[in-house]
1. Filter the GluC sites (Glu not before Pro) in segment 199-251 to those in DSSP coil with at most 15 other Cβ atoms within 10 Å of their Cβ, and list the result.
2. Need the full-extension length gain, I23 to E78, defined as separation in residues times 0.36 nm minus the C-alpha distance. One decimal, nm.
3. In segment 121-359, what percentage of the DSSP-assigned beta bridges are antiparallel, given to the nearest 5?
4. If r is the Cβ-Cβ distance from D355 to D153 and R0 is 25 Å, what FRET efficiency results, to the nearest 0.05?
5. What FRET efficiency, computed as 1/(1 + (r/R0)^6) with R0 = 45 Å and r the Cβ-Cβ distance, is obtained for T362 and F237, rounded to the nearest 0.05?
6. For the chain, what is the relative contact order in percent, using Cα pairs closer than 8 Å and at least 6 residues apart in sequence?
7. What spacing in nm lies between the two simple spin-label points modelled at R215 and Q348, each 7 Å away from Cα in the Cβ direction?
8. Find how many whole Å separate the alpha carbon centroid of segment 125-181 from the alpha carbon centroid of segment 276-305.
Amino acid sequence: MSLITRISIHSYTYELENFGANIMTFEKGGRLPTTKFIVVIETDDGLRGECAPHYMANKMTCAQVVEMAPLLIGRDAEHRTKIFDDLKIAFRHFDRAGAAALDGALWDLAGKKYGCSVAQLLGGFRDRIPAYASTYPGQKTPGGLDTVQAYADFAQHCLELGYPAFKIHSFWDGSAKSEIDVMTTVRDQVGDKMRLMTDPASSLAGFMEAVEVGRACDDLGFFWYEDPYRDASASAFGQKKLRDFIKTPLLVSEHIRGLEQKADFLIAGGTDIIHIDPELDGGITATMKLASFAEALGIDVQIHTAGPIHRACLAAISNTYYYEMGIVGPGMINSLQPPIYTCGYSDQLEAVDADGCVPIPTGPGLGVTLDWDFIKAHETACIAVD
Ligand SMILES: [Mg+2]
């Protein structure tokens, strides 16, 4: 038994170069301050587990981690399922996104305890996985994806890098025509050499625009159609109705939080594929529960965005297709990945092999080494619970 004696939450701030207004808009010479956090769990037998969330390492999830951490002190670090279950009940008034980073650190700790990777602990299914290039949204200012043709050129570049699939995040201006223009131009460029997906990210103005774009997905042979319109992709009834009008599989549930809620959303007919974010949906523990639930129903899942805990899950999930390499764009680094690794871990555009695959880390735990010199030099707060 390894008893949890201390949990520390380290916030750190660094500047993103060539970003200005936000993390999704290129601005030459811009410097955008970005704050993320890391969770460290220590036990009475000298073990240490770490988890550094990427996209969802924001102030809201950090606040939840701080609130949840005291409930773990004195617990057996290997009781991950019981800890997840207890946090689910204790924080039932909230979305419980903070549980994910704590769970990730517990899995990292367990892997290091036994000298094996989390992928091995979960039961390996694959050693690498094909990635799809998941684009930045378009922008009206110069740089990045600033024209429809820029999407087509970038898709061609991704194809040449080895990516087998490409997901469009379009201009998100609410217009079906704008969405379809990008989709058509990209399809014309890459032909049938890539699987294509589009994600309006709940931006289309209404249900009929969602139907219009869905029919274009059918005509253009899109692989999936994600979060179409402005119900925030939360109405199972609305998505089920949409599915009556189109043939392309819907990928909805990125914005549905909770193990039972996602299961209910699928059963209610709200999606064809379940979308799981290990950084929001209860970490590795809950991600694997959801993936198994879907597998038993003969349904696929997709993992949202990228990071070490994502790769650990994908190592052991059989019913999925791709790793989301995102977000990426021409002349832009992936702003979601913090610069905190000394082991070569990368979610940047060029990190795929010639087959468009990324490797599953093989080292103990999550298999990554954090740059604590950088983290300490950029640390803005450290909250410790013991
Ligand atoms: Mg999405």
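Values quoted throughout were computed directly from the atomic coordinates according to the rules given, and no laboratory measurement underlies them. Since we're looking at a predicted model, the values are computed, not measured. Ideal geometry is used to build each Cβ from the backbone, glycine not excepted, and the neighbour counts take in all protein chains shown.
1. Details: sites: E209, E212, E226; in loops: none.
Counting only loop positions with at most 15 other Cβ atoms within 10 Å, none of the GluC sites (Glu not before Pro) in segment 199-251 qualifies.
2. Working: separation 55, 0.36 × 55 = 19.80 nm, distance 3.61 nm.
Separation in residues times 0.36 nm, less the Cα-Cα distance, equals 16.2 nm.
3. Working: 4 of 25 bridges.
Antiparallel: roughly 15 percent of the beta bridges in segment 121-359.
4. Numbers: r = 22 Å, r/R0 = 0.89.
Efficiency computed from Cβ-Cβ geometry: 0.65.
5. Details: r = 45 Å, r/R0 = 0.99.
Calculated transfer efficiency: 0.50.
6. Working: 889 pairs, mean separation 83.2, N = 386.
Over the chain, the number comes to 22 percent.
7. So the two model labels end up 4.5 nm from each other.
8. Going from one Cα centre to the other spans 25 Å.
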